[in-house]
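Reviewing the structure listed below.
The values are calculated or read from the model by the stated rules, or taken from the named source; none is laboratory data. Keep in mind that what you see is a predicted model, and the values were worked out from it rather than measured. Here the Cβ positions follow ideal geometry from the backbone for every residue, glycine too, while neighbour counts run over all protein chains shown. For accessibility, only protein heavy atoms count, side chains too; no ligands or nucleic acids. Shrake-Rupley method; radii C 1.70, N 1.55, O 1.52, S 1.80 Å.
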Amino acid sequence: MDTARLEIAGEKLFVWALIFLGAIVAILTGFLIGTDAVPIFIVILAIALSITWLAGARERWWLLVPAAGTLGGYFYFGYKIYPHEIALLACFVPLAMAFAVRAPIAQLRTTAFPITMYLLGFYLIVHWFGSNIYNWVEGTAGYGNVSRAYFNAVWVILFLFAFWRWGSTKYIAAALLLSYLAAFARVTMGVLLYYFTDIFAYVPVINYVLPGSTYSRSDDLRWSGISLATLAICYFLMKKGLLRKTFHAIVFLGSCVALVLGSGRTVVVLAGAMPLFVVLLYRKLVPLIVTSIALVGLVFIVNSDPSVLNPLPFRVQRSLSVLLLKKGEATHYGKTEASDRWHEDLRKLGYSKWTQSWQTVLFGTGIRPFDFSLQEVRPGITINMENLMDSAAKVGSYESGWWTVIAVTGVVGLMLYASVLFYLLRKLLPILLRERVSDHSHAFAFMAVFGIVMWIGLGWTNGGFPTTEIMFGFLALAALEDRRRKTQPEHLSITRQPVEHPSLAAT
């Protein structure tokens, strides 16, 4: 009896201790909110969302990564934290918890993860290790920014390794929707920065910064606009009903306007190529003719009278200058001399570094520490374009997908990347030609194929390591395979009972 009373008393004591602790936490939280309300509220909200995610992620553990890859930008707290890095942490922690408390559910996929992806991942890790050894021998620091530069290429491979083994594609529609919302929010912020440049350059408290927003304020609209346009056209193709299609068509047109505000020339070509890519994919003659006439007509109008660009803002003129066929006119409206020289000289620098020796031709130059002294303004030091280009080349920032891969990883890296990209094209393009964009799996396939084709075709002018193209491609492959397996009969090997011949039955 005494033991029972002690147990009851112990339980009450535990409850009272929890109440007391909760009261202290509530008082402390109220005090903090009273002194600095907005930051504390955001911290509390972030903690609550994190706990909710960790408790309820389960098979959804991978959902945040595609959206983070679409979101772009970075969070700045004295150093940069990219959204895909936060998303990787948010997906691997629930997966590790599943390992700790129970075995995670392995996915029964008949297709093995391609050997070229294993080789590419292994090669990049060895490359990272070799670069750090080289930097150690040379006595240079910067292991952190060297590792960060390599991680920009490796993160998608690490994610896909885990996804192919333990990722469930039943939530593929939610992943696409989250990517759509992330792109929409990114474009919205870019447009606000364009029109309200004197108010803010980033989201305060969380310190979220869009690329280029602290300098020109709207450069990010180039790539956020094309991302939103790609997602909008996917939803337009797979959704039924006039109202839904009209909504996504408006989003597509709005994203095209937004990317023109970003003063990017390459993205204007991408925006024009996208509807042409769709009609070629659907093999519709009349839409192909109409689209071709519209694109050719636009180019003809601008070239017949370039003065139609005069009333437009400078950033819009710069974007549309890509339509001008005469170099003099394009240079006049685009003011692109410095930009063209920068990109051209970076490509030449990449070629010269790549061809230093047979070792660099085969294996590339690797990554070297970024020269932070160039960010410091000191008396007596003159910083010229050559210094900036050399510092950018050290971390592989060639602003060209081709030269980022070739100069940094050499012929071996180029062959591995090419094998992965052509593997995805070989797998996904026949499916798109046969089934078109009819569901969310096909939407990821469309984004992957379009992205790969554009990376191959325009990668010499823009871009870096192909990441989201590869991620979207393997998400699509996994989803399509899972769907195909579910639609097949589960018991193909079941044999029916033998039917006796009537004459044998009579005997």
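A few remarks follow.
- Looking across the range 411-431, the residues that are within 21 Å of Ala112 (Cα to Cα) and in contact (Cβ under 8 Å) with a residue 60 or more places away in the chain come down to Leu416, Tyr417, Ser419, Val420, Tyr423.
- Test: residue in the range 298-312 that is within 25 Å of Pro211 (Cβ to Cβ) and surrounded by 14 or more Cβ atoms within 10 Å (Cβ to Cβ): yes
- Applying the condition of being aromatic (Phe, Trp, Tyr) and assigned to a loop (DSSP other than H, G, I, E, B) to the range 458-507 and asking which residue is modelled with the lowest pLDDT yields Trp460.
- Residue list for the range 188-200, restricted to those being touching a residue at least 40 places away in the same chain (Cβ under 8 Å) and buried (at least 23 other Cβ atoms within 10 Å of the Cβ): Gly190
- Test: residue in the range 332-341 that is surrounded by 13 or more Cβ atoms within 10 Å (Cβ to Cβ), part of a helix (DSSP H, G or I), among the hydrophobic types (A, V, I, L, M, F, W, C) and without any contact (Cβ under 8 Å) to a residue 40 or more places away in the chain: no
- Glu399 satisfies every condition listed in (1) in contact (Cβ under 8 Å) with a residue 40 or more places away in the chain; (2) open to solvent by less than 30 Å² (accessible area, probe 1.4 Å) except (2).
- For the range 329-362, the candidate set comprises residues that are modelled with pLDDT of 80 or more and basic (Lys, Arg); within that set, the residue that is farthest from Ser304 (Cα to Cα) is Lys353.
- Some residue of the range 259-279 being exposed (fewer than 15 other Cβ atoms within 10 Å of the Cβ), more than 29 Å from Thr409 (Cβ to Cβ) and of a type in the set (A, V, I, L, M): no
- Residue-level analysis places Ala162 among those that are at pLDDT 90 or above, assigned to a helix (DSSP H, G or I) and either out of contact with any Asp or Glu (no Cβ under 9 Å at 6 or more places or on another chain) or within 20 Å of Leu414 (Cβ to Cβ) (or both).
- Exactly one residue out of Leu288, Leu323 is aliphatic (A, V, I, L, M) and in contact (Cβ under 8 Å) with a residue 40 or more places away in the chain, and it is Leu323.
- Those residues of the range 84-117 which are over 25 Å from the mean Cα position of the chain (by Cα) and not in a loop (DSSP other than H, G, I, E, B), in sequence order: Met97, Ala98, Phe99, Ala100, Val101
- Number of positions in the range 51-78 that are over 19 Å from Phe99 (Cβ atoms) and surrounded by 12 or more Cβ atoms within 10 Å (Cβ to Cβ): 11
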